[in-house]
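A short write-up of the structure that comes next.
The values are calculated or read from the model by the stated rules, or taken from the named source; none is laboratory data. Model, not experiment: these values are computed from the prediction. Note: ideal-geometry Cβ built from the backbone for every residue, glycine included; neighbour counts use all protein chains shown.
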Amino acid sequence: MELFTSFTENLLSPPILFFSLGVIAGLLKSDLEVPEQISRFLVMYIMMAIGFKGGIAIAETNTINSAVIFTILAGMGTGFIQPFIGYYILKLTTKLDDLTAAAVAAHYGSISMVTFVTAVSFLGINSIVYSGYIVAVLSLMEAPAIVSGLLIAYKSQPRVAKDNPQSLLKLMQEIATNGSILLLMGSFLVGWMSGAKSMEKMEGFLITPFYGILTFFLLDMGLLVSRHLSDLKEFNLKLVIFGIGMPLIGGVIGIALSVLIELDLGTGFLFTVLISSASYIVVTAAMRTALPQAKAAIYVPMSLAITFPFNITIGIPMYFAMAQKFLG
């Protein structure tokens with residue numbers, strides 16, 4: 001009953017309804033669009049708000065205890081290991097070539113910022129608190145997934161490592177200077193350094209408008225998803241099942257680790273959401289650069305048009321119900 005209630009509330013919330021509106025508008029070939037500059041502003045605003053609020057939460061935390069350290073290590077470790085799990089499943093169940101399978105798998109070790117933000121909003125609606133250090137976990141899960149994805153590709157196709165002019169070190173340098181990651185971590189540090197008193201000064205910009213801006217952003221995301229739905233024509237049922245099955249595997253792993261670390265309900269839920277989500281921004285850009293031979297028509301819609309909609313409509317209330325049962 002709790003699962004059904006959570007599912008219904010999330011499905012009928014304004015952000016999800018506007019996301020659905022964006023998908024429908026795109027499918028109807030409507031001229032509705034969000035200008036690119038505004039889209040970039042929305043992304044920057046959300047990362048700034050999440051990072052800043054996470055830093056404030058850390059500033060209000062008296063001690064960095066074992067739970068903080070273990071959660072960060074578990075997040076990075078899972079980000080590295082999950083692509084290997086995904087690659088093994090793909091090679092066992094599909095006929096994808098090695099490089100495309102490696103690129104797809106790498107996406108499932110990383111995270112989706114928008115899925116995370118939607119989950120944070122879900123907690124806000126339910127008045128459930130969480131620990132701010134989870135934002136640090138979010139930002140640290142991008143790189144391990146990319147590294148493991150490339151290791152898989154280089155191991156399965158050694159010539160790729162030889163022929164690729166861009167070294168792994170150079171790619172990691174680009175990841176470290178990625179604007180999204182820098183803004184997220186920079187905002188986190190600003191919130192941490194400025195302390196709780198700064199929240200009052202920033203509330204009118206980063207706190208009060210957040211839910212409305214998130215809703216507008218999900219409208220834009222719906223339009224983006226609709227543009228990639230046509231790519232699904234190359235998909236078969238096994239790929240669709242993988243796109244839904246991997247986040248469910250991540251959900252089980254996330255809840256199990258949360259129980260072992262003894263995380264609270266809100267933090268454990270967000271940790272589970274991170275492990276269950278799939279990147280479609282940073283990892284996608286890295287795979288296009290490092291593995292140009294991999295089929296982008298497979299790995300882009302896999303995370304964006306299958307896993308992302310599944311997670312924000314069905315996955316989030318499901319993970320929350322699991323967290324309530326084992327962590328509540």
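Listing for the model above:
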| quantity | calculated |
| --- | --- |
| Which numbered condition residue 202 misses (of (1) surrounded by 17 or more Cβ atoms within 10 Å (Cβ to Cβ); (2) touching a Ser or Thr at 6+ places or on another chain (Cβ under 8 Å)) | (2) |
| Candidates 275, 312 - the one that is at pLDDT 85 or above, more than 18 Å from residue 139 (Cα to Cα) and either in a helix (DSSP H, G or I) or not basic (Lys, Arg) (or both) | 312 |
| Selection within segment 287-298 - touching a Leu at 6+ places or on another chain (Cβ under 9 Å) and either part of a helix (DSSP H, G or I) or among the aliphatic types (A, V, I, L, M) (or both) | 287, 289, 290, 291, 294, 298 |
| Some residue of segment 56-68 being outside any helix (DSSP H, G or I), closer than 30 Å to residue 17 by Cβ and not basic (Lys, Arg) | no |
| Condition met for residue 308 (within 21 Å of residue 130 (Cα to Cα) and not hydroxyl-bearing (Ser, Thr, Tyr)) | no |
| Any hit, segment 219-242, residues being polar (S, T, N, Q), modelled with pLDDT of 90 or more and either buried (at least 20 other Cβ atoms within 10 Å of the Cβ) or more than 20 Å from residue 145 (Cβ to Cβ) (or both) | no |
| Test result for residue 38, surrounded by fewer than 18 Cβ atoms within 10 Å (Cβ to Cβ) and in a loop (DSSP other than H, G, I, E, B) | no |
| Some residue of segment 105-118 being part of a loop (DSSP other than H, G, I, E, B) and modelled with pLDDT under 85 | no |
| Residue among 245, 212 that alone is of a type outside the set (S, T, N, Q), in a helix (DSSP H, G or I) and in contact with a Pro (Cβ under 9 Å, 6 or more places away or on another chain) | 212 |
| Top-ranked residue in segment 289-328 [being of a type in the set (Phe, Trp, Tyr) and farther than 19 Å from residue 235 by Cβ; ranked as surrounded by the fewest Cβ atoms within 10 Å (Cβ to Cβ)] | 326 |
| Elements of type helices (runs of 4 or more DSSP H) contained in segment 130-174, each with 2 or more residues being of a type in the set (Val, Ile, Thr) and modelled with pLDDT of 80 or more | 134-140, 142-156 |
| Contacts under 6 angstrom Cβ, first residue in segment 186-213 being at pLDDT 85 or above and hydrophobic (A, V, I, L, M, F, W, C), partner assigned to a helix (DSSP H, G or I) and surrounded by 11 or more Cβ atoms within 10 Å (Cβ to Cβ), 6 or more apart | 213/45 |
| Any hit, segment 29-37, residues being under 24 Å from residue 224 (Cα atoms), without any contact (Cβ under 8 Å) to a residue 24 or more places away in the chain, out of contact with any Gly (no Cβ under 6 Å at 6 or more places or on another chain) and small (Gly, Ala, Ser) | yes |
| Test for residue 90: is it within 25 Å of residue 314 (Cα to Cα) and either assigned to a helix (DSSP H, G or I) or not aliphatic (A, V, I, L, M) (or both) | yes |
| Yes/no for residue 78 being assigned to a helix (DSSP H, G or I), touching a Ser or Thr at 6+ places or on another chain (Cβ under 8 Å) and in contact (Cβ under 8 Å) with a residue 40 or more places away in the chain | no |
